[in-house]
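One structure is given here, and the rest of the page talks about it.
The values are calculated or read from the model by the stated rules, or taken from the named source; none is laboratory data. Source: prediction; values computed, not measured. In this analysis, Cβ positions are derived from the backbone assuming ideal geometry, glycine residues included, and neighbour counts consider all displayed protein chains. Accessible surface areas use protein heavy atoms only, side chains included; no ligands, DNA or RNA. Shrake-Rupley method; radii C 1.70, N 1.55, O 1.52, S 1.80 Å.
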Amino acid sequence: MTDTKKTVHGAWSSRFAFILAATGSAVGLGNIWKFPYITGENGGGAFVIVYLLCVLLIGIPIMIAETMLGRRSQKNPIEAMEVLTDEAGADHNWHYLGWMGVIAGLLILSYYSVIAGWASAYILKAFTGSFLDADALTIKKIFDDFVASPIQLIFWHSLFMLATMLIVVRGVNNGLEKAAQYLMPSLFVLIFALVGYAMTTDSYFQGLHFLFMPDFSKLTSNSVLTAMGHAFFTLSLGMGAIMVYGSYLSKNISIAKTAFLIAGADTIVALLAGIAIFPIVFANNLHPNSGPGLIFETLPIAFGSMTGGWLMGILFFVMLAVAALTSAISLIEPAVAWLVENKDFTREKACVWSGLVTWALGLGTVFSFNIWSNVKFFDRSIFQLLDYLTANLMLPIGGFCIAVFSGWIMKKHHSEQELNMPNETSYQIWKLLISYVAPGSVFLVFLHVIGVL
Ligand code: TRP
């Protein structure tokens with residue numbers, strides 16, 4: 001801690017704390033809510049394969065790169081890019097990358113919080129026994145009535161934003177670490193229990209078939225873009241969240257190993273969620289492509305009919321809300337860190353302002369499910385537009401820039417030193433992926449979507 005700025009900047013208490021917090025950031029609604037419904041909308045198996053390939057060839061190398069940029073600079077994303085361009089003797093325009101990240105984070109959080117609000121509301125519904133012995137139709141009606149009410153959605157969205165800001169205000173060690181510590185393992189156990197339930201339905205294999213048997217004729221260029229965007233979204237990449245977390249990381253830790261652990265855990269949770277959900281979908285004659293309501297229309301059926309389902313339902317939605325919370329804090333941390341470190345805001349003031357802006361933006365998503373459901377831009381509701389803009393465009397563009405910067409701009413001996421891989425071959429493989437494969441794939445997918453390829 002040499003200069004004065006760094007005394008403001010936090011630090012993790014251990015490697016384990018970083019892994020927990022980064023896993024907490026990665027595992028969230030993306031795995032349990034979003035992965036199943038976009039898999040359902042994009043036809044299953046083939047989409048899942050593209051997503052897995054994207055995680056392996058694009059996601060993991062970029063996660064390594066993003067963590068590296070954060071740790072090398074020990075700064076928030078906007079300042080990080082300035083410090084790193086100085087070090088590399090490069091153009092200063094790279095700091096716009098930091099800016100885009102801060103904005104993407106706030107935009108994502110604005111709708112993320114609304115959906116996390118749904119999960120929170122479902123804790124109460126589970127508690128009051130709304131799902132007990134309810135059939136698929138009743139469960140769907142509960143969901144439809146709920147999202148039709150702007151007042152209810154605003155209430156839960158506000159509550160979730162408030163909880164997020166209360167944690168963020170307490171800073172790295174007290175807030176972020178403690179929150180992640182106990183809840184991640186418990187979530188794992190509960191999802192396993194749900195998979196157990198799915199096995200008892202007679203559609204278990206139909207669910208597995210849908211999830212893992214690829215039918216490439218169902219794949220459009222937009223599905224490929226969605227799969228790639230989701231690889232960024234689910235690993236929290238492309239907007240500086242992992243960069244901020246990396247900046248709190250001490251120098252003696254292997255970044256690559258950690259990235260594999262985090263990406264592995266994240267992928268397993270998503271696949272297990274899929275394995276739990278699709279058998280329930282088919283067993284109840286529901287449609288896999290029913291959109292953002294999918295888990296809210298399926299899992300309660302399981303809770304309503306299984307033994308111990310009442311308690312499991314409550315626990316599940318508590319875990320889901322908490323998993324969302326540990327993700328939400330990483331979406332807003334870049335903005336808060338920047339306001340504190342560069343604009344001399346107190347942490348409290350930074351939280352209030354960024355929280356208020358995000359909350360207000362979230363109203364757009366709230367209304368897109370009810371009073372503004374007919375308001376469409378490019379054929380998309382406000383929620384769909386925000387999702388497309390951030391997950392499918394901003395994150396891949398951010399990730400592309402991170403890859404190009406790490407592979408081409410940053411001096412080789414700097415990245416080599418920072419990553420400190422066990423052998424030269426591992427470094428060479430990463431270097432190849434980050435310089436060519438990752439940015440090249442993102443570029444090709446974009447060309448394909450705009451119809452050039
Ligand atoms: N990865 C989280 C999820 O899957 C969402 C998330 C948290 C995120 N931080 C992020 C997405 C940063 C993109 C960028 O639920």
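A few remarks follow.
- In the set (1) away from the ligand (no atom under 16 Å from the Cβ); (2) surrounded by fewer than 24 Cβ atoms within 10 Å (Cβ to Cβ); (3) part of a helix (DSSP H, G or I), the condition left unmet by residue 99 is number (1).
- Any hit, segment 387-399, residues being open to solvent by 60 Å² or more (accessible area, probe 1.4 Å) and free of Cβ contacts under 8 Å to residues at least 12 places away in the same chain: no
- The listed residue being under 30 Å from residue 351 (Cβ atoms), open to solvent by less than 10 Å² (accessible area, probe 1.4 Å) and of a type in the set (Gly, Ala, Ser), out of 276, 302, 323, 265: 323
- When restricted to residues that are of a type in the set (A, V, I, L, M, F, W, C), within 19 Å of the chain's Cα centre (by Cα) and more than 16 Å from residue 396 (Cβ to Cβ), segment 36-48 contains 2.
- Members of segment 419-440 found to be surrounded by fewer than 21 Cβ atoms within 10 Å (Cβ to Cβ) and in contact with a helix residue (DSSP H, G or I) (Cβ under 7 Å, 6 or more places away or on another chain), listed by number: 421, 426, 427, 431, 435, 437
- Residues that are part of a loop (DSSP other than H, G, I, E, B), open to solvent by 10 Å² or more (accessible area, probe 1.4 Å) and either under 27 Å from residue 299 (Cβ atoms) or modelled with pLDDT of 95 or more (or both) are absent from segment 205-212 altogether.
- Exactly one residue out of 315, 299, 339 is more than 16 Å from the ligand (Cβ to nearest atom) and in contact with a Lys or Arg (Cβ under 9 Å, 6 or more places away or on another chain): that is 339.
- Segment 54-93, residues that are of a type outside the set (Gly, Ala, Ser), surrounded by fewer than 19 Cβ atoms within 10 Å (Cβ to Cβ) and within 24 Å of residue 443 (Cβ to Cβ): 56, 57, 91, 92, 93
- Looking across 113, 130, one residue alone is touching a residue at least 40 places away in the same chain (Cβ under 8 Å), among the hydroxyl-bearing types (Ser, Thr, Tyr) and in a helix (DSSP H, G or I). It is 113.
- Flag if residue 237 is in a loop (DSSP other than H, G, I, E, B) and farther than 23 Å from residue 37 by Cα: no
- Pairs where the first residue, in segment 433-453, is in a helix (DSSP H, G or I) and the second is among the β-branched types (Val, Ile, Thr), C-beta under 6 Å, 6+ apart: 438/58; 438/62; 439/404; 441/58; 445/224
- Within segment 29-43, residues that are of a type in the set (D, E, K, R) reach partners that are more than 14 Å from the ligand (Cβ to nearest atom) and open to solvent by 10 Å² or more (accessible area, probe 1.4 Å) with beta carbons closer than 6 Å, at six or more positions or on different chains, in the pairs 41/289.
- Residue in segment 23-33 that is out of contact with any Asp or Glu (no Cβ under 9 Å at 6 or more places or on another chain) and more than 21 Å from residue 188 (Cα to Cα) present: no
- From the options 235, 272, 225, residue that is within 15 Å of the ligand (Cβ to nearest atom) and either touching a His at 6+ places or on another chain (Cβ under 7 Å) or under 22 Å from residue 444 (Cα atoms) (or both): 235
- The numbered conditions (1) within 16 Å of the ligand (Cβ to nearest atom); (2) in contact with a Ser or Thr (Cβ under 6 Å, 6 or more places away or on another chain) are all true for residue 92 except (1).
- Among residues of segment 230-254 that are at positive phi and touching a residue at least 40 places away in the same chain (Cβ under 8 Å), those with a Cβ under 9 angstrom from a residue that is within 15 Å of the ligand (Cβ to nearest atom) and not in a helix (DSSP H, G or I), sequence gap 6+ or separate chain, pair up as 236/28; 240/76.
- In segment 133-144, the residues that are in a helix (DSSP H, G or I) and in contact with a helix residue (DSSP H, G or I) (Cβ under 9 Å, 6 or more places away or on another chain): 136, 138, 139, 140, 142, 143, 144
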